[in-house]
Structure formats: structure tokens, C-alpha cells
Amino acid sequence: MVLPFLWMAVTALKTQGEALKFPPTLIPKEFIFGNFRDAFRAVDFTRYIINTIIMALATTALVFVTSTLAAYAFARLKFFGRDFLFTLFLAMMMVPMPVYLTPSYVILSRLGWIDTFLALIIPWGVNVFAVFLLRQHFRTIPSDLLDAARLDGLNHFQILVRVVLPLSRPVLAAIGIFEIIANWNSFLWPLIVTHSNSMRTIQTGLSYFAQAESTNYPLLSAAATFTTLPLVILYFFVQKQIMESYAKTGLKE
């Protein structure tokens, strides 16, 4: 698993001639750190990173709101057809992206959202997997605790905010991490709904850069390294929360 990333980072520090040399060298004869500077300046990576951060944070915030409300309803409210609706909701995860790509583009085009942040953010404001993960966790919270909150005069929204969410921090952290990673790596959707250079995200910008520098392997590796490194660092800091969230969703009520 580590070898491809190691090879990418090593190639980013080589000269063009050494990158094409056979047999390849594991350690560069000369470390060319300027490759990172040249790659970053070749295209507007600053704008791409800012766009990606805006998209990731806004989408994550929307997912938190929609997922917590839906998950609480499916886990703790009793209404006709609840389990059937939840099954249909989960079935949406089996629909591949190409099926709804064209209809989604047509809808966004008629709304005038193409090449705007609205097209990048709003369609992904609901995450079925996040709803499932939170619903499973909410079901593990003791019913006696929620009954005590009701006796204290709290309504459902107050119980969700004051009782349920504070007990769900590991799962919420994991969902936030998944959303940030998914938005950072998102390529196909931003490629379709954005046209101008000022609206490109990090992955679409990297793709255009790869087309322009198709034979300059050190610059390509440098660009791939500094676009991947933030996620690698993030994972090392939050892997405990990810594993804890999966462990808790497997407990029975």
C-alpha cells in the first residue's frame, strides 16, 4: 500500500532525465524540491484548493443537518411505513451514478446552477450512508435516557440536540471525515457541472494539469503528492474515530 505513494514522492524529487532512467533509482541522485514550486505555479492550484475547501465544508455541514434529522426519525420516531421507507432509502445506494448523471445535469441547467457552487454543493447535501450510520448508532442509545429527557419536558428536537448528538461525536466525526475525503477526491461531478477555470476543484485542476504536462513525470508526481498529502495526514490523525464509529454501529440496543 505504501509503495505507490513512496514512488510518487520520490519521483517528484527527481530530474526529468532520472525519472525516465532504466533501471529506475529509488533514491534521487539530486533532490529537486523546486518541482513542487513549479507544479504549484503551473496552474491556479490556489483557486482549486479554495474551491474544494468551500465545497467540502458546505457539503459536510448540509450532510450533518439532513443526516441527523433523518436518522433520528428512522431510529426513534414511530410512523406508518417507517421500516419500508428506510429500506427504499437504502436501496438508493445501489443506483450507480451514471444513471442519474444526465437528469441531474438537466435539472441544474434549468435552475441556472451550472458552473456555480450551488451545483457542487446542493445535490450532495444528503448522504444515504451517513443516515444509515447515524441511525444504527442512535438505536444503541438507551431508551431510558430519552424517556428521562421527555419527563424533563424536552421535545424531540431538543432531545436530538442536547442528548443524542453529544453522545454521537465519534460517528459524527467519522461522517465528517468521509465527506471531506469524498469531496476532496470528487472528479466526475465537478468536471461535468463546472466549465470555467475559476470554478474547478482540485481533482479537475489536476486532470487538466496532467494533460498539459503529460510527459513531465517529476512535475506530475509533485502535483499528485501535494494534492494527496492532506488526506494522508488527515487519516493518520482521525483513524481512531473512524474505527470507533464502525465498532459502535455494530452494537445491539
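Brief remarks follow.
- Filtered residues of the stretch 1-23 (kept if surrounded by fewer than 13 Cβ atoms within 10 Å (Cβ to Cβ), of a type outside the set (A, V, I, L, M) and either farther than 15 Å from Ala223 by Cα or touching a Leu at 6+ places or on another chain (Cβ under 8 Å) (or both)): Gly17, Lys21, Phe22, Pro23
- Taking the criterion of being within 19 Å of Thr66 (Cβ to Cβ) and crowded, with 17+ Cβ neighbours inside 10 Å, the residues of the stretch 132-158 that qualify are Phe132, Leu133, Leu134, Arg135, Gln136, His137, Phe138.
- For Ala61, the conditions (1) closer than 21 Å to Gly125 by Cβ; (2) surrounded by fewer than 17 Cβ atoms within 10 Å (Cβ to Cβ); (3) touching a residue at least 60 places away in the same chain (Cβ under 8 Å) are fulfilled apart from (3).
- Residue within the stretch 81-104 that is under 26 Å from the mean Cα position of the chain (by Cα), under 22 Å from Ala210 (Cα atoms) and not β-branched (Val, Ile, Thr) present: no
- Scanning the stretch 71-110 for residues that are surrounded by fewer than 10 Cβ atoms within 10 Å (Cβ to Cβ) and of a type in the set (D, E, K, R), we see that the one that is farthest from Val128 (Cα to Cα) is Arg110.
- Condition met for Ser245 (modelled with pLDDT under 80, assigned to a helix (DSSP H, G or I) and crowded, with 17+ Cβ neighbours inside 10 Å): yes
- When restricted to residues that are charged (D, E, K, R) and not in a loop (DSSP other than H, G, I, E, B), the stretch 73-125 contains 4.
- In the stretch 204-221, the residue that is farthest from Asn51 (Cα to Cα) out of those that are among the polar types (S, T, N, Q) and crowded, with 20+ Cβ neighbours inside 10 Å is Ser221.
- Within the stretch 41-58, tally of residues that are in a helix (DSSP H, G or I) and surrounded by fewer than 18 Cβ atoms within 10 Å (Cβ to Cβ): 8
The values are calculated or read from the model by the stated rules, or taken from the named source; none is laboratory data. Treat the numbers as computed from the prediction; the structure is a model and nothing was measured. Quick reminder, even Gly has a Cβ in these numbers, built from the backbone with ideal geometry, and neighbours come from all protein chains shown.
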